[in-house]
Every structure is written in C-alpha cells, then in structure tokens.
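S.K.: The structure that follows is given in the form of structure tokens.
The values are calculated or read from the model by the stated rules, or taken from the named source; none is laboratory data. No experiment lies behind these values; they were computed from the predicted model shown. Here the Cβ positions follow ideal geometry from the backbone for every residue, glycine too, while neighbour counts run over all protein chains shown. SASA here: full protein model, heavy atoms, side chains in, ligands and nucleic acids out. Shrake-Rupley method; radii C 1.70, N 1.55, O 1.52, S 1.80 Å.
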Amino acid sequence: MKVLVINTGSSSIKYQLFDMPKGAVLCTGLVEKVGEDESILTHKKYPDSDEEVKHIETNPIKDHTVGMNRVAELLIDPAWGVLGSAKEIDLVGHRVVHGGESFSSTTEITQEVKDKIKELSPLAPLHNPANLIGIEVAEQIFTNARQIAVFDTAFHHSLPEEAYRYAIPNSLYEENGIRVYGFHGTSHRYITKRAASLLDKPLNKLNIVTIHLGNGASMAAIKNGKSIDTTLGLTPLPGLVMGTRSGDIDPGVIFYLNETLGYSLPEIKSLLNKESGLKGLAGDNDMRSVTERAEAGDKEAMLALAIYTYRIKKYIGAYMAAIGAKPDAVVFTAGVGENSAVIRSMSVDGLSHLGIEIDAELNKARGGERKISTLESAVAIWVIPTNEELEIARQAFELT
Ligand code: ADP
C-alpha cells in the first residue's frame, strides 16, 4: 500500500512516500519558499540508499496547489518517480498541528473534520490554516486516496485534569477550551514505542521522560506508555527554551512590556515567538553555531546553553516526580537531542543523585538508536532519532 505523508507549513510542503506496512521510503522531498520568486524543490527517490537519485529545481511556485501538483508530477516522473500514476496512492496522511479537544486520535478527513480544523485555527494560527490548505489540495490531486489527519496534540489526550488545567477561572476552560494541549505528540509517541521495543518492556509498563529538542522543543512524562504531562500548552510557547521561542516566562512580563515599556500586543507576540529563545539570548537560533561559539569561550553563548539546559534539567526532576516511580529511561531526540553531545551532557549533569549518569565516551559517539548512560546509572539514558513521518504513515495505515 502506498502512503503519502504531507506536512504543509505556511510557505513549505514536506512529503514522504512510503510503502506500507514495510515502512520503506520510496521518495521524500521538500518545497521551500512557496509564494516567493525563488522557490526550491528538493526531491529524492530511494533516499539514503545506494540507489538514491536527487533532483533540485528552483522555479517560482506561486502557491501550495502549484507546489503539490509539481510533487505529484515528480512522483510519476520516469527518472525521479516511482509510480505509474498518482492514482496508485492509497492514503494521504496529513500532519495537523492542533486537534483541540475534538480529536483524541487519528481521523479520516471529512467536511466536518475540515470545519473543525478551521475552527481550531485561532489556537494554531501559523499551522492549522496551512495544514488545511495541504488537505484541500491533496483531495483534488490524489482523488483515489483516503485522506487521514494525524494530530500533533492527540498523544497528549491522556493528560490527567490536574496536568492539563490552568489555575484560571473555570469558565475559561469550560466555555473557551483554554487548557494544556501539548504538541510534538507524533514524535513523543514514536519515541515511546521505540523505547518500549529497545528496552524490551511492554508499552503499558513503560515509564520514561522524552526530550524532543528541535527548533521547537518539548518534554513529556510518559507513565505506563501514556503521556501524563508535557511542557507545551495551549500554544507552542511555554516550557523549554527553543530556537526563537522563550518557553516559560512569568506572564507578568507581558504586562510590564505593554504597560511600562510600551510594546503593543502584536509586538510582544512576535518578541516571544520569533525573537526569544536561543536567538534572544545568543543572537542565533542555530544550536550548532551557538555551541561552537560557547566552545570558543563566547560568554553570551555559554550563558545561553546554561539557561537552555538548566530548563531541561528542571523538567527532568519535575517529570520524575510526576511519574512517581523510577523511570526506565530519559530519551533525547530531534535535531539538537540527536546530535549535540554537549547539550545532552549539560542537561543531565549533576543528576546522579536521581540515578541518572551519562557515559562521556558513549555520549560522544555518533550513530542511530543508542544507550549513552553508564552501567551504574539506575535510569538509562538513550538517544532515539525521531521519525514523525513514519509514525504518521503507520497511524494512517493502522486506521484503515
Ligand atoms: P525542526 O524539525 O523543529 O525544524 P530539527 O529537529 O531539524 O528541527 O532541529 C533543528 C535544530 O537542530 C537546529 O537548532 C540545529 O542547529 C540543531 N542541530 C542539527 N545538527 C546539530 C548538531 N550537530 N549539533 C547541534 N545542533 C544541531
């Protein structure tokens, strides 16, 4: 069965074509700068294999419809494609960022589902409208396929009420749905399933702390295989220090910025979403360059790393308390979590009293799924590369 996974952003389309249930990747690609004069389309057939064929084109792609049509052409192109016709695609799995309280699991897309995704747009204004465009364009092109929505919030539906409610008047939850939803659920779910397999534990007995460190970053406390707490909230702004987002901040800062310093609300929104985090602290949201500067003795970069990792450490302690038992593992994933030995090491430094001890040599080694704790460490530390696309393909496949 051919499953196309699509992740549409406001100016991008990421896609992967899978052969399920094998999980083999047939094609993968990315359309960037949709709507600009110099759009870039990078397409690979049989990626990361001996037979890999890479194709890049830079033509203006005026909107998502044009972009997705071009992707459909490439998928059936004699040189770069693998299909005889776009009709061979059986399922299209869409990443949808916000499912609110309506969607606790993967769902086949109907008009009603699309209306609901639209209704939830104020909660994810950058993401849900773009996801919806991806769905509507895919419906027109892949007419034979069933369209499936996989929600980033769904895995966190298991949060207990004490974890998902804010201490604000009840009516704001009851009438307006203001609560913690959490994000990166597809990644946390994938990591949880992989950890159960790698640690050889039944999923419903697995207790872990998952740490997803990409441009956006979040952690989750997993008890008996289910998410019981997570750092992102109503929106993807709280919790850890991120590339350009502040993470946790005293809400009073917002009033101070507005009332005393004269910032408007749109300016504060932009400040906290786009100018904060690593960018605010070190002037750069790329962890590679911040780490290099810190290693060369740059004080600003060193402080940024200290703040970034102190926040992670605090949440490890908090989530061990939330789980209420010694976790089986702490797991790092995503761009920073998979690649930065320094960040992993600083995040767990000084946690041996909690039974968490990193092995310096194992931590430095590169590779795929790997254990990086010492033999004595009561809680294992793992690096598990995430694979959100494969998880979306599986979810879509299993639903149907
Ligand atoms: P997203 O999918 O959220 O856009 P990724 O999971 O791809 O993000 O992670 C992007 C982040 O990973 C960037 O901050 C980048 O600097 C960081 N990163 C990638 N490789 C390395 C590395 N070798 N060392 C440190 N950070 C890295």
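S.K.: Consider MET242 carefully, then state whether it is assigned to a helix (DSSP H, G or I) and open to solvent by less than 50 Å² (accessible area, probe 1.4 Å).
M.R.: It is false that MET242 is assigned to a helix (DSSP H, G or I) and open to solvent by less than 50 Å² (accessible area, probe 1.4 Å).
S.K.: Would the range 357-377 turn up any residue that is in contact with a Phe, Trp or Tyr (Cβ under 6 Å, 6 or more places away or on another chain) and either modelled with pLDDT of 95 or more or open to solvent by less than 20 Å² (accessible area, probe 1.4 Å) (or both)?
M.R.: Looking for residues that are in contact with a Phe, Trp or Tyr (Cβ under 6 Å, 6 or more places away or on another chain) and either modelled with pLDDT of 95 or more or open to solvent by less than 20 Å² (accessible area, probe 1.4 Å) (or both), one finds at least one in the range 357-377, hence yes.
S.K.: Filter the range 267-295 down to the residues that are open to solvent by 30 Å² or more (accessible area, probe 1.4 Å), more than 15 Å from the ligand (Cβ to nearest atom) and not polar (S, T, N, Q) and list them by number.
M.R.: Correct list: GLU267, LYS269, LEU271, GLU275.
S.K.: If you take the residues in the range 326-345 that are surrounded by fewer than 24 Cβ atoms within 10 Å (Cβ to Cβ) and under 13 Å from the mean Cα position of the chain (by Cα), which one is farthest from the ligand (Cβ to nearest atom)?
M.R.: ALA334
S.K.: Being open to solvent by 10 Å² or more (accessible area, probe 1.4 Å) and touching a residue at least 60 places away in the same chain (Cβ under 8 Å) is the filter here, so list the residues in the range 194-211 that pass it.
M.R.: The answer is ARG194, LEU198, LEU199, LYS201, ASN207.
S.K.: Still on this structure, I have one more. Can you pull out the strands (runs of 3 or more DSSP E) entirely within the range 1-119 that have at least 1 residues that are without any contact (Cβ under 8 Å) to a residue 60 or more places away in the chain?
M.R.: 13-19, 24-32, 40-45, 53-57, 89-96
S.K.: Consider ARG179 carefully, then state whether it is closer than 30 Å to THR309 by Cβ, open to solvent by 20 Å² or more (accessible area, probe 1.4 Å) and either outside the structural domain of SER85 (by TED's automatic domain parsing) or among the polar types (S, T, N, Q) (or both).
M.R.: So ARG179 fails the test.
S.K.: Being in contact with a Leu (Cβ under 8 Å, 6 or more places away or on another chain) and open to solvent by 40 Å² or more (accessible area, probe 1.4 Å) is the filter here; which residues of the range 255-266 pass it?
M.R.: Residues satisfying the conditions are ASN258, TYR263.
S.K.: Would you pick out the residues in the range 296-305 that are among the aliphatic types (A, V, I, L, M) and away from the ligand (no atom under 16 Å from the Cβ)?
M.R.: Matches in the range 296-305: LEU303 only.
S.K.: Take the conditions among the polar types (S, T, N, Q) and closer than 25 Å to SER246 by Cα and apply them to THR186. Does it pass?
M.R.: yes
S.K.: Could you please find all residues in the range 213-227 being open to solvent by less than 10 Å² (accessible area, probe 1.4 Å), in contact (Cβ under 8 Å) with a residue 40 or more places away in the chain and within 16 Å of the ligand (Cβ to nearest atom)?
M.R.: Result: LEU213, ALA217, MET219, ALA220.
S.K.: Go through TYR315, TYR308 for me and flag whichever is surrounded by 21 or more Cβ atoms within 10 Å (Cβ to Cβ), in contact (Cβ under 8 Å) with a residue 24 or more places away in the chain and away from the ligand (no atom under 14 Å from the Cβ).
M.R.: The conditions single out TYR315.
For (1) under 26 Å from THR153 (Cβ atoms); (2) open to solvent by 50 Å² or more (accessible area, probe 1.4 Å); (3) outside the structural domain of ALA124 (by TED's automatic domain parsing), each residue gets a yes or a no:
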position: ASN7; (1), (2), (3): yes, no, no
position: ASP50; (1), (2), (3): no, yes, no
position: ALA79; (1), (2), (3): no, yes, no
position: LEU83; (1), (2), (3): no, no, no
position: GLU108; (1), (2), (3): yes, yes, no
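For every residue, the table says whether it meets (1) closer than 30 Å to VAL180 by Cβ; (2) at pLDDT 95 or above; (3) of a type outside the set (Gly, Ala, Ser).
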residue: GLY35; (1), (2), (3): no, no, no
residue: LYS62; (1), (2), (3): no, no, yes
residue: VAL96; (1), (2), (3): yes, yes, yes
residue: THR110; (1), (2), (3): yes, yes, yes
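S.K.: Scan the range 275-292 and report the pairs whose first residue is more than 18 Å from VAL342 (Cα to Cα) and whose second residue is more than 13 Å from the ligand (Cβ to nearest atom) and open to solvent by 60 Å² or more (accessible area, probe 1.4 Å), with Cβ atoms within less than 8 Å and a gap of 6+ or a chain change.
M.R.: GLY283/GLU300
S.K.: I need the full set of residues from the range 383-400 which are open to solvent by 30 Å² or more (accessible area, probe 1.4 Å) and in contact with a Ser or Thr (Cβ under 9 Å, 6 or more places away or on another chain), in order please.
M.R.: Residues satisfying the conditions are PRO385, THR386, ASN387, GLU388, GLU389, GLU398, LEU399.
S.K.: To continue, here is another question. Residues in the range 214-223: is at least one of a type in the set (Val, Ile, Thr) and under 13 Å from the mean Cα position of the chain (by Cα)?
M.R.: No, the conditions are met nowhere in the range 214-223.
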